[in-house]
Amino acid sequence: MFYKNYIGGVWVESTSGKTFESRNPAHSGQVVGEFQDSNEFDVDYAVGFAKDSFKMWKNTPAPKRAEILFRAAEILIRDKECIAKQMTQEMGKVIAETRGDVQEAIDMAYYAAGEGRRLAGETVPSELKNKWCMTIRQPMGVIGAITPWNFPIAIPAWKAFPALVAGNTMVIKPAEDTPWSVIKLAEVFHEAGLPAGVFNVVTGYGPTAGMPLVQHKDVKMLSFTGSTATGKKVATACAELGKQYSLEMGGKNGIIVMDDADIDLAVEGVAFGAFGTTGQRCTACSRVFVHADVEKEFVEKLIAKAESLYIGDGIDETVQMGPLINEKALIKVDGYVQDAKNRFAFKGGGTMVLAGGIIQEPTEDTYGWFYKPTIFTDVDDNDPLMQEEIFGPVVAVTTFTGTNEAIWLLNNTKYGLSAAVYTSDINFAMTALDEIETGLVYINTSCIGAEVHLPFGGLKGTGNGHRDAGQTMIDNCTEWKVCSIDYSGTVQKAQIDH
Ligand code: NAD
């Protein structure tokens, strides 16, 4: 299939005359689609339409904007199965997970539609007599969005629905590995009756299509989700232009397993966190801190669980883990594993207890970028396995004995997205909630599981204080305006003693 950019409500080819292919990670020879390799002229064209339609969309009453978004939710429900299947083919995660991805978009659409009747400010008393003060939210204008491939429709939806209900228009540049899902989102908006120019999609690569969007003078706010390395480039460019931006970046998420934990529950949680989406969630668990007294039982059960996972093409309902996104990811993940093996063989500092690795003899089900679950134990907390985002089904385990030590180890990372604790001690659970330095903390459930009405994002190297989803995305793309009316008929001067 040949796909075009969605600009001004119509499908147009890139002025570059170039296209790129997206391939099925489970069958690397299978082309999912051919997409526009866009450039700065395409971005400028899309931003122009978004800018021109801003006034009309801003002046459309918010409940009416919300009705269109509600219709988009209904269309997403109708097309959920077809989107999930196509998403598994473009991105590789198993069908149950891609259904969940679409469901996130549906949930966000309904949530944002509800917000159309709740975009409230405050009316507050004034310091002065006969003066009336209120705050109103105003949309910013054209929002630029740059999204990653691991949640192909959920993350674009987290950004788009709140931005649109608040009265902004948008240009989005999806990840080059998963453009189809965002093209589909544009089709959904089109069918729902979203006016032309309000939502625009420009596909292509980061430096050639993403950076022109970041740097475009008419993009008022840039909402980015992706790696920390790219996020820093986006931040630098935005800071130079004095532009607002929100960053959701990498993670190195950990789980603490206490000696009083339900070990079977903890094993399920760690396995789901570490091997779900083939370890490619931003919230994936890649570090485990287990109490020394239960380490043996925990590790044995985790290995058994990892070995039992059925790996293959995620379109098959029985498959539990799909491939990595592409060959580059396979080489990167294997590089970390091989380096660690060599390092530990010469210097110690860790032990490989489950040698997963690349599937060397592919079957019909595994003719793609497949990597088996890999587990290391006794890993030093400063080792690259504990510190760097590998983004694959690789887990590093280490032990602790004291509760303070467990939290210290968990916090010993430059990232701060998500964490979980398995314990039956309410006091420790409360202490952990308080002291863990992440944007998301879970007790007795895995370190994944965003809900659309909750702020999603992280501390330290993961974010810049903004959050995606929910009310916080509306905060990111609206400005507060203070409106005051003096009906005293006299000259009242604030900040002068009166
Ligand atoms: P990436 O940084 O390679 O790419 C993300 C997006 O940025 C893509 O659309 C890409 O084309 C674009 N891009 C790349 N270079 C660019 C440049 N120079 N200028 C402008 N845009 C550019 O990340 P990825 O591999 O697509 O996604 C995986 C990363 O995303 C992981 O680090 C993961 O933790 C992170 N992530 C974070 C969250 C979160 O909410 N914190 C959620 C999902 C993924």
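The values are calculated or read from the model by the stated rules, or taken from the named source; none is laboratory data. In this text, all values refer to a predicted model and were calculated from it rather than measured experimentally. All Cβ positions, even for glycine, are placed from backbone atoms using ideal geometry, and neighbour counts span all protein chains on display. Heads up: the accessible areas ignore ligands, DNA and RNA and are worked out on the full protein's heavy atoms, side chains in. Shrake-Rupley method; radii C 1.70, N 1.55, O 1.52, S 1.80 Å.
Structure summary
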{"item": "Residue ID - nearest to the chain's Cα centre (by Cα), chosen from residues in the range 135-159 that are within 11 Å of the ligand (Cβ to nearest atom), open to solvent by less than 10 Å² (accessible area, probe 1.4 Å) and hydrophobic (A, V, I, L, M, F, W, C)", "result": "I155"}
{"item": "Residue check, V299 open to solvent by less than 50 Å² (accessible area, probe 1.4 Å), within 25 Å of the chain's Cα centre (by Cα) and either more than 16 Å from the ligand (Cβ to nearest atom) or not hydroxyl-bearing (S, T, Y) (or both)", "result": "no"}
{"item": "Single residue of the range 58-93 satisfying the filter (open to solvent by less than 60 Å² (accessible area, probe 1.4 Å), over 21 Å from the mean Cα position of the chain (by Cα) and not hydrophobic (A, V, I, L, M, F, W, C)) that is nearest to V188 (Cα to Cα)", "result": "D79"}
{"item": "Total residues in the range 94-134, condition open to solvent by 50 Å² or more (accessible area, probe 1.4 Å) and in a strand (DSSP E or B)", "result": "6"}
{"item": "Single residue of A304, A239, A271, A266 found to be within 16 Å of the ligand (Cβ to nearest atom) and part of a helix (DSSP H, G or I)", "result": "A239"}
{"item": "Odd one out for V182 among (1) within 12 Å of the ligand (Cβ to nearest atom); (2) of a type outside the set (S, T, N, Q); (3) touching a residue at least 60 places away in the same chain (Cβ under 8 Å); (4) open to solvent by less than 20 Å² (accessible area, probe 1.4 Å)", "result": "(3)"}
{"item": "Qualifying helices (runs of 4 or more DSSP H) (wholly inside the range 350-447; at least 1 residues being farther than 27 Å from A304 by Cα and modelled with pLDDT of 95 or more)", "result": "403-411, 426-435"}
{"item": "Residue in the range 79-92 that is at pLDDT 95 or above, outside any helix (DSSP H, G or I) and closer than 22 Å to P195 by Cα present", "result": "yes"}
{"item": "Test result for N342, open to solvent by 20 Å² or more (accessible area, probe 1.4 Å) and within 16 Å of the ligand (Cβ to nearest atom)", "result": "no"}
{"item": "Residue, nearest to the ligand (Cβ to nearest atom), within the range 199-217, restricted to residues that are in a loop (DSSP other than H, G, I, E, B) and crowded, with 24+ Cβ neighbours inside 10 Å", "result": "G204"}
{"item": "Residue check for T230: closer than 30 Å to T423 by Cα and of a type in the set (S, T, N, Q)", "result": "no"}
{"item": "Set V353, V288, V319: member being touching a Ser or Thr at 6+ places or on another chain (Cβ under 6 Å), open to solvent by less than 80 Å² (accessible area, probe 1.4 Å), away from the ligand (no atom under 16 Å from the Cβ) and β-branched (V, I, T)", "result": "V353"}
{"item": "Scan of the range 218-235 for residues that are open to solvent by 60 Å² or more (accessible area, probe 1.4 Å) and either more than 10 Å from the ligand (Cβ to nearest atom) or charged (D, E, K, R) (or both), ordered by number", "result": "K220, K232, K233"}
{"item": "Test set (1) open to solvent by 10 Å² or more (accessible area, probe 1.4 Å); (2) under 30 Å from A406 (Cβ atoms); (3) in contact (Cβ under 8 Å) with a residue 24 or more places away in the chain - L194 fails condition number", "result": "(2)"}
{"item": "First in the range 34-63 and small (G, A, S), second anywhere and in a helix (DSSP H, G or I) and crowded, with 18+ Cβ neighbours inside 10 Å, Cβ under 6 Å, 6 or more apart", "result": "S38/A209"}
{"item": "Residue check, V294 touching a residue at least 40 places away in the same chain (Cβ under 8 Å), in contact with a helix residue (DSSP H, G or I) (Cβ under 8 Å, 6 or more places away or on another chain) and within 21 Å of M386 (Cα to Cα)", "result": "no"}
{"item": "Test: T438 is in contact (Cβ under 8 Å) with a residue 24 or more places away in the chain, hydroxyl-bearing (S, T, Y), on the phi < 0 side of the Ramachandran plot and within 16 Å of the ligand (Cβ to nearest atom)", "result": "yes"}
